[in-house]
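What follows is a single structure, written as structure tokens, with notes after it.
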Amino acid sequence: HGARMAWRNAAKCSNRKFWSELQLLDARNVTTPADMFAVCLEVLERALHSCVTTANIAVFRPQTPGKADGPRVWNNQLLRYAGYADPDTGKPIGDPVEMDFTRMVMEDFGWSPPGGKPGRFDALPVVLQAHPDEPPQMFEVPEQYMMRVPIRHPTNDAFAALKLEWYAVPAVANIELAVGGILYTAAPFNGWYADTEIVRNLTDEGRYNLCAEVASKALGLETKSDATMWRDRAIVEIDAAVVHSFREAGMGE
């Protein structure tokens, strides 16, 4: 009940009107990173089994009042794509907002990109810490939990050649849950995507910034002049492709 009330009172969440449908995974007895990871996978599994139409939250043990001893999920989200800087040009490869986290897991945990070289859609590992006095541990997310949705346009086959994708489950991981004065420092939570969220991820200049690529390669538009309105037209067609692709995958309906 406390988790549902917290969601209902989360003013910035557009889906909070579904607060009464939130499903709880009570993981307060979990004491190891490995068991934390198993619970995180269960959150993703529940979401995928419902075709991403249910909201789920896992609640790990609370922080002791007056002490900063709560467990921690280091990731922003349970599922995210890595971000790198191209060694030759310095331009971003993948998701720029995850460049710092990607660098950290590579330098501190020995993680390396799948296949040995950076890609645009490399799944990041999850880093979990059961207690601040214990070392964090890194875990690779099994591919079946990623549920990658290839982005295809309903009428423009050129989109397929771009090899775009997005994952089906948005699962926020770095939030805290406060219930009755008790603070839960690790409470990963999944909802479902609005198409505009994915479109912004793919088109915002601070994210994948794909408007010019889509406009030129998929739509055949001139991008040197704003007179063609190539940004606007690219965003509209990317949105159409996202909606079509998620419907075809049966996710979020």
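Name the residue, out of 50, 225, 216, whose mean-square fluctuation peaks in a Gaussian network model built on the chain with Cα pairs under 10 Å.
In the Gaussian network model the winner is 225.
What is the total of Lys pairs in the chain with C-alpha atoms under 20 Å apart, excluding same-chain pairs fewer than 8 positions apart?
Lysine pairs, 8 or more places apart or on different chains, close enough: 6.
Can you give me the Rg/Rh ratio for segment 107-180, using Cα atoms for both radii and the Kirkwood formula for Rh?
That ratio is 1.09, to two decimals.
Specify, per residue and in Å³, the volume enclosed by the convex hull of the alpha carbon atoms belonging to segment 210-253.
So the per-residue Cα hull volume is 62 Å³.
Quick one: if you stick a label point 7 Å off each Cα along the C-beta vector at residue 157 and residue 224, how many nm between them?
Between residue 157 and residue 224, the simple spin-label model gives 3.0 nm.
So for segment 49-186, Kirkwood radius off the Cα pairs, Stokes-Einstein at 10 °C and 1.306 mPa s: how many µm² s⁻¹?
My calculation gives 93 µm²/s for D.
Got a sec? What order do 224, 67, 163 fall in by accessible area at 1.4 Å, biggest, i.e. largest, first?
Sorted by accessible area, descending: 224, 163, 67.
Rounded to a whole number, what % of the accessible area of the chain do carbon and sulfur atoms account for, probe 1.4 Å?
50 percent
Send over a whole-number figure in Å² for the accessible area per residue of the chain, probe 1.4 Å.
Solvent-accessible surface per residue comes out at 51 Å².
Tell me the Kirkwood hydrodynamic radius of segment 133-253 in angstroms, computed as one over the mean inverse distance between distinct C-alpha pairs.
One decimal place: 16.6 Å for the Kirkwood radius.
Output wanted: per-residue J couplings in Hz (rounded whole) for segment 28-45, from phi through Karplus 6.51 cos²θ - 1.76 cosθ + 1.60, θ = phi - 60°, x for Gly and Pro.
5, 8, 6, 10, 10, x, 4, 6, 4, 5, 4, 5, 4, 5, 5, 4, 5, 5
Can you classify segment 25-99 as rounded, prolate or oblate using the Cα gyration tensor, where a ≥ b ≥ c are the square roots of its eigenvalues, rounded means a/c under 1.5, and otherwise it's prolate if a/b beats b/c and oblate if not?
oblate
Go through 242-250, 111-119, 77-85 and give me the packing order, highest mean Cβ count within 10 Å leading.
Going by the mean number of other Cβ atoms within 10 Å, highest first, we get 77-85, 242-250, 111-119.
For the chain, what is the mean residue ellipticity at 222 nm derived from helices alone (per DSSP H run of n ≥ 4: -39500 (n - 2.57); sum divided by total residues; nearest 500 deg cm²/dmol)?
Calculated at 222 nm, the ellipticity per residue is -8500 deg cm²/dmol.
Taking K and R as +1 and D and E as -1, what net charge do the other residues with C-beta under 14 Å from the C-beta of residue 112 add up to?
Neighbourhood net charge equals -2.
When the C-alpha atoms of the chain are aligned to their principal axes, what extent does each axis show, in angstrom, from largest down?
That works out to 60, 42, 30 Å along the principal axes.
The values are calculated or read from the model by the stated rules, or taken from the named source; none is laboratory data. Note that the structure is a prediction, hence the values are computed from the model and not measured. Methodologically, a virtual Cβ is constructed for each residue, glycine included, from the backbone with ideal geometry; neighbour enumeration extends over all protein chains shown. Just so you know, the surface numbers come from the protein's heavy atoms only, side chains and all, with ligands and any DNA or RNA stripped out. Shrake-Rupley method; radii C 1.70, N 1.55, O 1.52, S 1.80 Å.
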